[in-house]
Amino acid sequence: MKRPTYTLPSIVKKVFRSGERSLPRTEICSRMEGNELNAFLNLDSAALLDKVLEQEQSPVRVGSSEAIVELTYQPHQLYDLAYRFLRDTLTPKKMDQIVAELRRQTQFGWNQIQRLLQLEKDPRFVQYQGDPRWFLAEWTLSNDQVFAFCRDNGITQVTTRSLVHFLEQEVGIAAEAAFLPVLDDRFRIDGERLYIIVRSEEPYEDESAVMEIAVTAASETIAKAEEEAEEDLTESGQTVQLLEEHHETTNPKEEKTMTTITEQNVLKEVQELMQKAITLLESRQEEMAQEVVNHFQQSNMQAIEVLMKEKHKHEQIVLGIEQVLATSEQQ
């Protein structure tokens, strides 16, 4: 399961409330777990805190005793200017964008700003894993709200051109809320479209589990396809039987020797065409196997379901052809 997750230093900073400069270790760990800040990590709260304390640019350090942890942030006008820049634009920014704006507003040089502005230490700034931009800690994350709205209203895709309007006017997310579909496996961006992947929320351990879910979801459609295939095969058999009966009643016995050779040639040609059809279907099956792997990597369950339907339909066709071939070889 992939969800937007704060970096380790950001998780620790999110624990501190406005005005707090230090906290007991036990309180920090309790708040992490209570707010599920480490829910998508393979680290317990105590181990996470120890890792952050060991970092060179850590936002926290050991306080007056081992049981106390305090912030390392020291107020500076550059931090305040950077905070106002993000707050006024309501947009996350990369470090070079922030430095360029502060250089425009102050007399500080580029290198001087980069040396003084250590946003890792300011609790007002946070980052998400896999995203180099800086966000304000006070901003909310709207991924759950957007997904719930799309799921409840049956929306499976939105054009990227209309995404801002969709989020603000239809979903109704707050202006300062962040939406990060790239960091969330419930969403997929392909070209100019955002796809919403509605599926079971249970974690998948491997590809076979994904295939099992896809087969279950498509079972009713597959069963219907199989019934239609059986009906088609039955009708085909009845048609062949009627043609044979008609042939026997309309052709004199003395012409059978002459027509047998022609029938054998036609039958051989039909058998070759059927074998070619089987080869083409098997080749397509191999292509679909690779496509399933690709869609699995992109968490595209809808595409996997379509491929499963096609796979079972092909298997029914191949089975029907093999039955016809077996019957023709016995004649």
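The values are calculated or read from the model by the stated rules, or taken from the named source; none is laboratory data. Model, not experiment: these values are computed from the prediction. Cβ atoms come from the backbone with ideal geometry, glycine included; neighbour counts cover every protein chain shown. These area figures cover heavy atoms from the full protein model, side chains too; ligands, DNA and RNA do not enter into them. Shrake-Rupley method; radii C 1.70, N 1.55, O 1.52, S 1.80 Å.
Observations on the structure shown:
- Sorting Ser22, Ser64 on solvent-accessible area from highest to lowest, probe radius 1.4 Å, gives Ser64, Ser22.
- Solvent accessible area, Å² - His314, 1.4 Å probe, full protein context: 30 Å²
- Among 33-42, 79-88, the order from most to least packed when residues are scored by Cβ within 10 Å on average: 79-88, 33-42
- Gyration tensor (alpha-carbon) shape descriptor, the range 2-98, a/c threshold 1.5: oblate
- Net lengthening on full extension, Glu27/Arg115 (0.36 nm per residue, minus Cα-Cα): 28.5 nm
- Amide H to amide H, with H built 1.01 Å from N, Tyr6 comes under 5 Å of Gln129, counting only residues 5 or more places away or on other chains.
- Amide H contacts of Phe187 (H built 1.01 Å from N, under 5 Å, at least 5 apart or other chain): Ile197
- The modelled label-to-label distance between Thr106 and Arg284, using points 7 Å beyond Cα along the C-beta direction, is 6.5 nm.
- Rounded to whole Hz, the Karplus (6.51, -1.76, 1.60) HN-Hα couplings of the range 277-286, x for glycine and proline: 4, 4, 4, 5, 5, 5, 5, 5, 4, 5
- Segments 5-18, 125-138 sorted - mean Cβ within 10 Å per residue, highest first: 5-18, 125-138
- Close amide H partners of Leu141, meaning residues 5 or more places away or on another chain with modelled amide H under 5 Å apart, are Ala178.
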